[in-house]
Each structure stands twice: as C-alpha cells, then as structure tokens.
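**Student:** The structure follows.
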Amino acid sequence: MTDSTLILGLIQPSFFALLVVFAGLAVQVGLAVRVIMRRRGVGESLAWIFLVLILPIGGPLLYLLFGELRLGSRRARRFAELQKPVVALLEGLQEQATATGALLNEKTAPLTRLAAKALGVPVLPGNHLELLDDWQHVFDRLIADIDAATHHCHLEFYIIQPGGRVDEVFAALQRAAERGVACRLLADAVGSRPFLRGKLVDELRKKGIEVVFALPGGFIRMWFVRFDLRLHRKIVIIDGVTAYTGSLNLVDPRYFKQDSGVGQWIDAMARITGPAVDALAITFLADWYVESQCSAEELREKATTPFCEETGNSLVQAMPSGPDVFEEAVDQVLVAAVYAAQRELILTTPYFVPNEALMTALETAARRGVEVTLILPARVDSFLVRYATGAFQHDLLEAGIRVARFNGGLLHTKSVTIDGEISLFGSLNLDERSFYLNFEITLAVYDSTFTGELRALQHRYLDDCDDLTVDDLAKRRFHKRFIENLARLFGPVL
C-alpha cells in the first residue's frame, strides 16, 4: 500500500463523518427555521427549537412525529366535505338563538359572542340540565334512556373498557338494536385499544350495533398522521332529544386503572334536554362522518330528528374544539371567562399545564381581588404532567390562588364556575394538549341554577382536600424542583 493510498484511507472516513455531521446540522437548522416560520406560541416555538437543536437525532425525530398537526389526507378531505352540511345545520340552530339576546347580561354576552365567532355554535335557550355526580347514577339513567329509545342511540367516548356496569350498557344497546333502534358506537382507537382488539366488538356488530374506531394508530401510519391527536369527547345522544356529556368515559370506575396507584377516578356528567342536544348531536354526526364511510346526506337522513323543543330555562353553548377548528378558539374562550370573573372562580382539572395566557389570566384575577381556587388531584397517572404541574404551584400561591389537593382518588371532573353564574363543563383539561391537540367538547352554561349545583359539587370536593402551602413547596428536594422546572420548559409540547 502506497503512502498516498494510506492517506486517502485515513481522510475518507473523516470526510464522510463530516458530511453526516453537516447533514444533521442542516436538518436541525432547517427544522428550527420551520418552527419559527409556523408562528406558533412563543413558549411552544422555543421549546421545539431547544429540543431540535440540543438533541441532534432525538429532537428532529420528535418534531417530525409530534411537532405539526397532520390530520392525514383522507381525514382532512372528510373535514372539508363536512363543512357545508354542518354550516347548514348550524344555521338551523341559529334561528333558535335569535331570541337569546334579551336573556344575556353584560358579563355573559361577550363570552357568547366570542364562542360563537371562534367555534361557530350559538348559545341556545330553553334547556334543562341535570348534574350527575355519582357514576352509579349515571349508569342507571343512561341504561334507562337506552331502554326507552325508539329511533337511535349514539355513543362517543375516548375510553371504552368492558366489565362491570359497562356490560349492562352493551346489553341495553343490544336490546335496543333488536327493537330496530339504530345504535352507533364511536371510540378512540388508542384510548380504547384493548376494547378494539377484543372479541366483543365482533359480537356487538353481529347484534346490529355499528362500531367505529377514530384516529387509528400504527407504526407506519404515525409517520404520515400525527398519532397523538385523540378523540377525547364523551357524548351520548338518545333519539335526538336527550344527551349526556362530561368527563366520565364508558368505564366502570371500580375496575378502571386500579394498578396506577391513584385511586378510583372521580367524574361527573350532565344529562341535557332541549335545543343544546341538537348542537351535541351535530358534533357526534360530524365525528361519525369523518371516521366512517357513510355520506353526510345518508347520515343526516337516518340519524337526525326535528330540532328539539325547549324544556327548561338554561342558556347553553355546546363548544366542540380540536385541530379541525380555529387553533386557539377554546383557549381564548377559557381565558375570557377567567377575566370575566369578578368575585369567585373555582376550577377543577386532573391535568394542569397552563399556557402563558391562562396562567397570566389566573394570576391577574387573584391579584384584582377575585377568590380563585384550583382543585387538583393529589396524585395523577402521568409522570410528566405531575412534574410540570408542580412547577406552576409556587407562582399560583404567590399570586394568592388557593391550590387544593383532592385526596379521594383521581379527580377527573373538568369544571369552571364563575361568580356562581356561569360554568364551563365537559371533557377539556387545563393543558395545551386539550387546547390544541384533542377533539374536546365543553358546555358553557349561562345559568345560576346549574352553576350553583356544580359549585356545590366543587365544594364537596374541597371537603376532601388539603391546601397546598408555600412551606410544603419549600420542603421539596433540589432534584425534584429541578425536574419540575425542566418539565415546565417542555409544558407547551406535552
């Protein structure tokens, strides 16, 4: 071997190594530029830029998987096809909403206008809401309504787990299908994965129950469609005249996630009659259309009933949110609701990782004299959320916000009450995943009666809480505080 050959042999590997390094650097810089040009929130953009630049391989890989809202070409096309018929249905609701202006006041009117503009759903009068805070009672009422159904039963849940009283719901659906009632079951493919893979699905289909799974995942699919976009809604529509929504999945809490070390999950649901049922029904129909193979015309003909008559005195705005609508819509409504508070603001959520806008609104509310109470579970089932939440607690306490830790299980109820007059209730968590990534449903209720019942439930939760203090935070070890602050940096991308 000549000297020149030896030198070339030594140079060649170095050249290729440098080529790989420069190629990787080009990818990192290119993705950082892409993040900047997409004009996301400052916190989210900085978090992604940090990840992409600090982790040469993992950062770009994480961004390619989770950094952008990729719905998939088929789903995006179905959403586009759905726009015209949904707008037509909403215009029908708008006719019912024309008389609501006189029922609104200076506090509620701006919120209703913002929600209608951002999410496209008007506030509807004449509703009756029943707050169900005991899961056994929820199942009793749901099974009775299914057994009384004559036209259709539509159920949509993030998690469906057979066993316990859930089996009674399936039995009721089978009885309904035998009577000729159209039964449709929509479940998130990831949240309900064990159910999806079980034999029960085929048995239900053989009994005449249509079962569809939303947003399916998979190793190959994850490179083309963002797989952590989830259908997080909980909606039940019976005959187009009765609806349920809230935080309870179709699970029996006695058997659900008993090995997670957080205790039994604590939830609440609302049973609704009146025009708001139409808005919830439209939400279900839209979700079903996107995930199934039927046409919008076919589904509307088979599954809808005439608009609901008024049954009560509650003004309700059913607000669906998700990646298919204006990105910051529900976030803006929530922040506006916080700023509307004048005396009292009580919030319950299992997962609290706020963005800067919400955090600022909460701190500002407390400093201008509003009594702000945040009720969180003492233990949660997410490691990252647990530490990210901890990083915000010192700022909350310094602003004068009461942080109460619920000891009776994993408090899963998602609720906000404002001055005992307005409430937000549904599936929305107070974190950026719920704001921007998940398909959620939230009821804005402009009624002191229902809000008073929800506030009373919040106070019952407080009876089983310990208040967090500055001394409690001071006792934390350095490594825990460091992990919390590190997790807070990545809160926008959690």
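The values are calculated or read from the model by the stated rules, or taken from the named source; none is laboratory data. The structure presented is a predicted model; accordingly, all values stated were derived computationally and were not measured. For neighbour counting, all protein chains shown are included, and Cβ atoms are generated from backbone atoms with ideal geometry for every residue, glycine included. We work out accessible area using only protein heavy atoms, side chains counted, and drop any ligands, DNA or RNA first. Shrake-Rupley method; radii C 1.70, N 1.55, O 1.52, S 1.80 Å.
**Student:** Quick check on packing: order 392-398, 252-258 by the mean number of other C-beta atoms within 10 Å, highest mean leading.
**Tutor:** Ranked from most to least packed, the peptides come out as 392-398, 252-258.
**Student:** Rounded to a whole number, what is D in µm²/s for region 162-210 from Stokes-Einstein with the Kirkwood radius over alpha-carbon pairs (4 °C, 1.567 mPa s)?
**Tutor:** Taking Rh from Cα pairs, D becomes 116 µm²/s.
**Student:** Still on this model: Let me check the size of region 111-264 from its C-alpha atoms; what are the radius of gyration and Dmax in Å?
**Tutor:** Rg then Dmax for region 111-264, in Å: 16.9, 48.
**Student:** When ligands, DNA and RNA are left out and all protein chains stay put, how many square angstrom of accessible area per residue does region 286-434 have with a 1.4 Å probe?
**Tutor:** 35 Å²
**Student:** Here's something else I'd like to know. Given N residues in region 110-187, what is Rg(Cα) / (2.2 N^0.38 Å)?
**Tutor:** 1.40
**Student:** Based on the mean of other Cβ atoms within 10 Å per residue, sort peptides 142-148, 345-351 so the most packed one is first.
**Tutor:** Put in order of decreasing packing, that is 345-351, 142-148.
**Student:** In sequence order, what are the phi-derived ³J(HN,Hα) couplings for region 112-123 according to the Karplus relation 6.51 cos²θ - 1.76 cosθ + 1.60 with θ = phi - 60°, rounded to whole Hz, with x for glycine and proline?
**Tutor:** 5, 5, 4, 4, 5, 5, 7, 10, x, 10, x, 7
**Student:** With Rg and the Kirkwood Rh both taken from Cα atoms, where does Rg over Rh land for region 347-494?
**Tutor:** Rg/Rh: 0.95.
**Student:** With a 10 Å radius around each residue's Cβ, average the other Cβ atoms per peptide and rank 454-465, 401-412, highest first.
**Tutor:** 401-412, 454-465
**Student:** Oh, and also: Direction-averaged shadow area of the convex hull around the Cα atoms of region 319-378, nm²?
**Tutor:** Over every viewing direction, the Cα hull of region 319-378 projects on average to 4.6 nm².
**Student:** What is region 382-438 by shape, rounded, prolate or oblate, if you read a ≥ b ≥ c off the alpha carbon gyration tensor as root eigenvalues and call it rounded for a/c under 1.5, prolate for a/b larger than b/c, and oblate otherwise?
**Tutor:** rounded
**Student:** If you don't mind, another one. Assign one of three labels to region 150-190, namely rounded, prolate or oblate, based on the Cα gyration tensor with a ≥ b ≥ c the square roots of its eigenvalues; rounded applies when a/c is under 1.5, prolate when it is not and a/b is larger than b/c, and oblate otherwise.
**Tutor:** Judged from the Cα gyration tensor, region 150-190 comes out oblate (a/c at least 1.5, b/c at or above a/b).
**Student:** How far is the Cα center of region 248-297 from the Cα center of region 125-165, in Å?
**Tutor:** After rounding, the separation between the Cα centres reads 9 Å.
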